[in-house]
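The values are calculated or read from the model by the stated rules, or taken from the named source; none is laboratory data. Keep in mind that what you see is a predicted model, and the values were worked out from it rather than measured. Note: ideal-geometry Cβ built from the backbone for every residue, glycine included; neighbour counts use all protein chains shown. Each accessible area value is taken on the protein alone, full model and side chains, heavy atoms only, with ligands, DNA and RNA left out. Shrake-Rupley method; radii C 1.70, N 1.55, O 1.52, S 1.80 Å.
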Amino acid sequence: SSGSRFLIGCDTTDGSSGRQSSVGSSGAWRTTPSHPLFRVSDVPVEMHAHFFSYKNGWYAVRSPINGGAPEIYINGDRGRASTGAGQAQGSTTLIDNSKVFATNQFANAVLYIWSGTGAGQARVINTNTSNTINVSSAWNVNPISADSEYVILGSNIWSSIGVSLSTTLPSQPLVSNGVVYFPQGENHNLWRIQHVAPNTYNSTNDGTTANRAHFLEKVFAPDGAQVWRGLNQAISNAVVAHADPQDWGTNLTFSSNITVGDRDHKITGLERYGDPEALWVFKDGEAPFRIIDDVPQQIPLREMEAVKSVNNGVAHEVGDVYLYFSLLNSVQRYFRNNLDDVGPNVDDGLQPAYQGPVVAMVSYPGRIYAAVDAESSGFNSIQVNNGFGWHPFYRSPIVGGTRIRNIAIQPIPGPTPDRLWVSEGP
C-alpha cells in the first residue's frame, strides 16, 4: 500500500493485540494479525523516593539521583464532600464534584474522613464513578458537609500534585504546623508547600539564604517543639541550628549555628530520641552527639572513629526504648551508653550476594525493617528483625538490579493491612 509506515517485529501466534495505522489517518488504528514483540520506552532514571504523611494523606517525592527537579506525588487522592441541591450524601456514598475519577480506580482502597463532619471514619471502597465513591458499609455519621475532608489511602495509584522542587532532595521532608518543608542542600533555600483546597497547593521558598538545610528534624523538648536543621558547610562543616515552628505565612528563623564535633567529619543524619527528647546528630567518622541546652554531648564510643564511612548513621530509627543506626554493614542498638551490634551481619551473617550497607530503616510494633544496598554486585534486599533474629522480607529480582534506597510504612485506618513502600530503581 502507499504511504510511509513503521516496520515492527511481530509474533504471528497472537493476533489480538497488534494494531497499525496509515500516515495521515488522524490516529485511526486497525487490527492486524500480529502481536508486536518490542516497544519503545523512556530511559529509566534512578530515583530516590522520600515518603511522608501530611494532613493524613500519603505522599512521595521522586528525586532523581543525578540531578533534576524532584516532583511530589500523592498516593490515592484527597478532597472534600460536595453539598447543595442534588448532592445529598448517601449512607454508603461520598460525592465530590471537583473530581473526575476513572471508574473503579480506587476499588479496595480505603476512604478516610479525617476532618469535619463524620471525621474519624474509615471505609473500604467498593466502587467509584467519576465523582461518587461507594463504600462497603454505612457511615455512622454521614459526611454531608463541605467541611468533610477525606483522603484515599492504600491505593496502587500515585498522581502528581503539580508541584516540583528546585534540585535533588538530599534527605526527608519535614511536616510542621500544617506546612511541609523540603531540604534542598547547602546551595538552595528550603522549599515549602501547603494544601489549601481539595486540588490546590501553595508552594514557595522559605526565607533567604539563611534558610538552607541538608537535614531536617522536629524535636518535642520539655520547653516546646523546635525545628532543627543540619548543614555541612564548606567553611564551618557540621553545624546544626533550631527555629520555633511557624505557620504558613511566616519564614523560619534559625538560631546561630552550633558546631557538632570535628569539621572534618560530615553529618549523615538527624534523629529525635530520649526522655526528655533531644536532637541526635550522626556523623560519618565520629560517635553520635546529642544536643542538650544547645551544647553537643558525644556518647563515649571512641572506637567508632576507626570505621569512618559515608553510610554511617544514614539509616536511623527509634524502636521501643532503643536508638538504632547504621554502622558500615551493620545496625547498632543504643540505650543508656550501651551499644550492641544487632546485625544483620552478626553470627553467620548474610550470604555474600546480599551484603552491603544498611541505607534505610523503619520501625513497627515488635520489629525493625532494614534496607540493605548491595549496589551493583548483589541482591538488594529488605531484612526484618522480630526480636529473635533477622529474616529476608524482600529482595530485588536480579543480581545487580535496581537499588533499594528507601523504605517507609503507610498506616491504613481500619482492618486493611498497613503497607511497606519501597523506593527501588526508577
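What's the center-to-center distance, using Cα atoms, between region 131-163 and region 376-390 in Å?
Cα centres, region 131-163 to region 376-390: 36 Å.
Place +1 on the Cβ of every Lys and Arg and -1 on the Cβ of every Asp and Glu in the chain, take the dipole about the Cα centre, and give the residue among Ser98, Asn202, Tyr324 whose Cα lies farthest towards its positive end.
Looking along the dipole axis, the top candidate is Ser98.
Report, in whole Å, the centroid distance computed from the Cα atoms of region 338-370 and region 202-230.
A separation of 30 Å, based on Cα centres.
At 1.4 Å probe radius, can you tell me the per residue accessible area of region 236-314 in Å²?
47 Å²
Ile398 to Thr208: FRET efficiency via 1/(1 + (r/R0)^6), r the Cβ-Cβ distance, R0 35 Å, to the nearest 0.05?
So the FRET efficiency works out to roughly 0.15.
Tell me the carbon and sulfur percent of the accessible area for the chain, rounded to whole percent, probe radius 1.4 Å. Intermediate results must be reported in sequence, preceding the final value.
Numbers: 9990 of 20470 Å².
Result for the chain: 49 percent of the exposed heavy-atom area is carbon or sulfur.
What is the gain in length, in nm to one decimal, between Val45 and Asp247 on full extension, counting 0.36 nm per residue of separation less the C-alpha to C-alpha distance?
Net length gain for the segment: 69.2 nm.
Amide H of Val331: which non-local residues (sequence gap of 5 or more, or other chain) have their own amide H closer than 5 Å, using H built in the peptide plane?
Under 5 Å from the amide H of Val331: Val342, Gly343, Asn345.
Within the chain, how many Lys pairs that are eight or more residues apart, or on different chains, come under 23 Å at the alpha-carbon?
Values: Lys55/Lys99; Lys55/Lys218; Lys218/Lys266; Lys218/Lys283; Lys266/Lys283; Lys266/Lys308; Lys283/Lys308.
Taking the Cα cut-off of 23 Å, the pair count is 7.
Where does each of 353-361, 412-420 land if you order them by average Cβ count within 10 Å, highest first?
Ranking the peptides 353-361, 412-420 by packing returns 353-361, 412-420.
Below 15 angstrom from the Cβ of Val219, what's the summed charge of the other residues (Lys, Arg +1; Asp, Glu -1)?
Net charge around Val219: -4.
Have a look at Gly387, Ala122, Asn345 and report the one farthest towards the positive end of the charge dipole of the chain, computed about the Cα centre with Cβ charges (Lys/Arg +1, Asp/Glu -1).
Looking along the dipole axis, the top candidate is Ala122.
For region 282-334 and region 57-82, what is the separation of their Cα centres, given in Å?
The distance from the Cα centre of region 282-334 to that of region 57-82 comes to 31 Å.
Report, by chain and number, residues whose modeled amide H sits under 5 Å from the one on Arg395, excluding near sequence neighbours (fewer than 5 apart, same chain).
When sequence neighbours closer than 5 places are left aside, the close amide H contacts are Ile382.
Give, in nm to one decimal, the length gained when the segment between Arg367 and Ser256 is fully stretched (0.36 nm per residue of separation minus the Cα-Cα distance).
Full-extension gain reported as 36.1 nm.
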